[in-house]
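The values are calculated or read from the model by the stated rules, or taken from the named source; none is laboratory data. Not measured: the values here are computed from a predicted model. Neighbour counts are summed over all protein chains in view; Cβ atoms, including those assigned to glycine, are modelled from backbone coordinates with ideal geometry. Side chains are part of the model used for accessible areas, which takes the heavy atoms of the whole protein and leaves out ligands, DNA and RNA. Shrake-Rupley method; radii C 1.70, N 1.55, O 1.52, S 1.80 Å.
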Amino acid sequence: MNTRRSRRGRATACAAAAAALATVAGCTSGGSGGSPEASDTFVYGDPLESSSFNPLLQSQTDSVTEMVFRGLVGHGDDNRIVPALATSWTISPDGTQYTFHLREGVRWQDGEPFTAADVAYTLGEVRDPKVNSPSASQFDAVDTVETPDDHTVRLKLSHPFAGLLDALSLGILPKHLLAGRDITRDAAFNDKPVGTGPYRITSRRKGDSVTLRASTYWYGSDKPHIRNIVVRFVPDASQRLVQLRNGELNGAFLEPEEVPAAQKISGHSILRERNADFRALSYNLRIPLLKDRRVREALDAAIDRGQLVTSVLHGYGAAGYGPLDRSPYADTSLPKHAGADLPRVEDLMTGAGWKKQDGVWTKDGRPAAFRLSTYTNDQVRADIDDLLANQFKKAGFRVTTSVQPAAYVSSHRSEEEVFQGGNAAQYDPDTAVFSSFHCGAQGTGNHGAYCDQQVDKDLDTGRGSTDTAARRAAYGDLQARFRTDPPESWLVYLDTVYAMPSGLKGIQHKLLGHHGAGLFENAQDWLLNTK
């Protein structure tokens, strides 16, 4: 390593953080880890900023929330369930009663004691229709929450739910701060929440950054090695690269096309993590063109996934064929086509009554035309849409593309015709499929109005059975049905790529989730050596 350049870069990063946030303390050697070679501060460039750091209001977690909150359980190596706020638990033979024994001596980041009442309060809020939590469907089976004492919580379910333990990694909220308040409107808490995690937020500057400091009350046996973590929100990938070069950032999330340039930055290494994060085209079945499954099958057959992987992801990912490809429940026996299958497109469209006119499929005087849209501030998604538009055009479809701000999409999602979104079966498969495709989820997570009775049966079996073989059969059947009646066309699975300081140690390598969710879960174990 070039020591002179490395020290200058670290000093610049600390100076930039301190200038932006007066609460950043001591960007010098000699941190809480006690080593004269350990840095006190890590400045990270993140492309995404959550509107709220309240875990009950998030459809996906983020780097900040992962450090502030803890659930009853967490995820360790290979995403196996491990104790967190609960040290142990028992499950009744019929799967309808869970008893959790809570960790004693835990305190909230304001010093107040954590008790079973906080768990009961949180589970009440997540199930409250007024809160409209994106996680609500994961707790549908919970009938009652009992707290026999301050360190015991008993959940009674109306029916077994195999994914409940995974769902209980949801961050627990402090009752003493929130009881009687509307958490959906509590900006003070949602911007600067109080949790039981290893880091607390000391300041937030919306649109710019969040500063976190190691919590005095962290219950872990070891205090976090890095005292301060600054998350800077830099949506533009090229700007993150510039700030890495200038020493304004210690580490950053990279887009695939930025990797070659990042590899040349002294003192940094490329971190590549396997991911359950997929991109997919969601079809709106309210649109007449897309109601016919043969048209959706034809669109799927027109996709050259291999080209998406090489041209957009630059090899940092793989072709995607379903929502569970990187799940233990993936059905690897199903056929795959990485390239476009234009003869199949011809057969399907002709069979559905369409004819080519000037190279465009036409029926009853109308062309097979649709709008393909995605979010702004995501260059990879925009590039995927541009390439797909060309692929669809070659197959005889007329496509226009558009990008919309996330806030607009959130309020107009059911109006989008073909929308490129994403999700991840990082943990239990139910989390990635039930709320997206069950008939009963129309109007909430099922934005495309997809409804299939057999798929509903598979989804109900998958979430309600405690028999692994029965779940595997149900999810296998679901994946097969999606090939012939696709609610979505799965495109690619992304590997997440970061530029990190060569001296950063302790990152837990495991399958990550949507937008790299899970990387910061063990930030308390990271150690940043300066030489």
Sticking with the crude label model, points 7 Å out along Cα→Cβ, report the distance from residue 223 to residue 107 in nm, one decimal please. 1.3
In bins 20 Å wide, starting from 0, what share of all Cα pairs of the chain does each bin hold, as a percent? 21, 52, 25, 2
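First measure r as the distance between the Cβ atoms of residue 332 and residue 90, then evaluate 1/(1 + (r/R0)^6) with R0 = 35 Å and state the FRET efficiency to the nearest 0.05.
0.50
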When the Debye formula is applied to the Cα atoms of region 133-292, each taken as the same point scatterer, what base-10 log of I(q)/I(0) results at q = 0.12, 0.13, 0.14, 0.21 Å⁻¹? -0.92, -1.04, -1.13, -1.37
What ranking, highest mean first, results for peptides 84-90, 473-479, 522-528 when packing means the other Cβ atoms within 10 Å averaged over each residue? 473-479, 522-528, 84-90
Lys, Arg +1 and Asp, Glu -1 on Cβ, resulting dipole of the chain about Cα centre, debye, nearest 20: 1400
Can you give me the C-alpha center-to-center distance between region 454-481 and region 333-401, rounded to a whole angstrom? 30
Selection from 422, 516, 451 lying farthest towards where the dipole of region 405-531 points positive, charges on Cβ: 516
Give the long-range amide H neighbours of residue 372: residues separated by 5 or more places, or on another chain, with amide H under 5 Å away, using H modelled in the peptide plane at 1.01 Å from N. 400, 401, 402
Förster-model FRET efficiency, 51 Å R0, residue 132 and residue 529, C-beta, rounded to 0.05: 0.70
Need the full-extension length gain, residue 352 to residue 181, defined as separation in residues times 0.36 nm minus the C-alpha distance. One decimal, nm. 56.1 nm
How do 203, 39 rank by accessible surface area computed with a 1.4 Å probe, from largest to smallest? 203, 39
Hey, rough spin-label estimate for residue 439 and residue 377, points 7 angstrom out along Cα→Cβ, what's it come to in nanometres? 3.9
Rg/Rh for region 349-445, where both radii come from Cα atoms and Rh is the Kirkwood radius: 1.04
Could you tell me how far the Cα centroid of region 142-179 sits from the Cα centroid of region 192-264, in Å? 31
For region 239-382, report the translational diffusion coefficient in µm²/s to the nearest whole number, using Stokes-Einstein at 20 °C, 1.002 mPa s, and a Kirkwood Rh over Cα pairs. 116
What does the helix-only formula give at 222 nm for the chain: each DSSP H stretch with n ≥ 4 adding -39500 (n - 2.57), the total divided by the residues, and the result rounded to the nearest 500 deg cm²/dmol? -8000 deg cm²/dmol
Evaluate E = 1/(1 + (r/R0)^6) for residue 363 and residue 408, where r is the Cβ-Cβ distance and R0 equals 35 Å; express this FRET efficiency to the nearest 0.05. 0.65
Quick check: at a probe of 1.4 Å, how many percent of the accessible area of region 425-521 sits on carbon and sulfur atoms? 50
Accessible area (Å², per residue) of the chain, counting only protein heavy atoms and a probe of 1.4 Å: 41
How high is the relative contact order of the chain, given as a whole-number percent (alpha carbon pairs under 8 Å, six or more residues apart)? 21
Dimensions (Å) - region 274-329, Cα atoms, principal axes, largest first: 37, 27, 14
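From largest accessible area down, sort 364, 428, 222, 182; use a 1.4 Å probe on the protein chains.
Of 364, 428, 222, 182, the descending order of accessible area is 364, 222, 182, 428.
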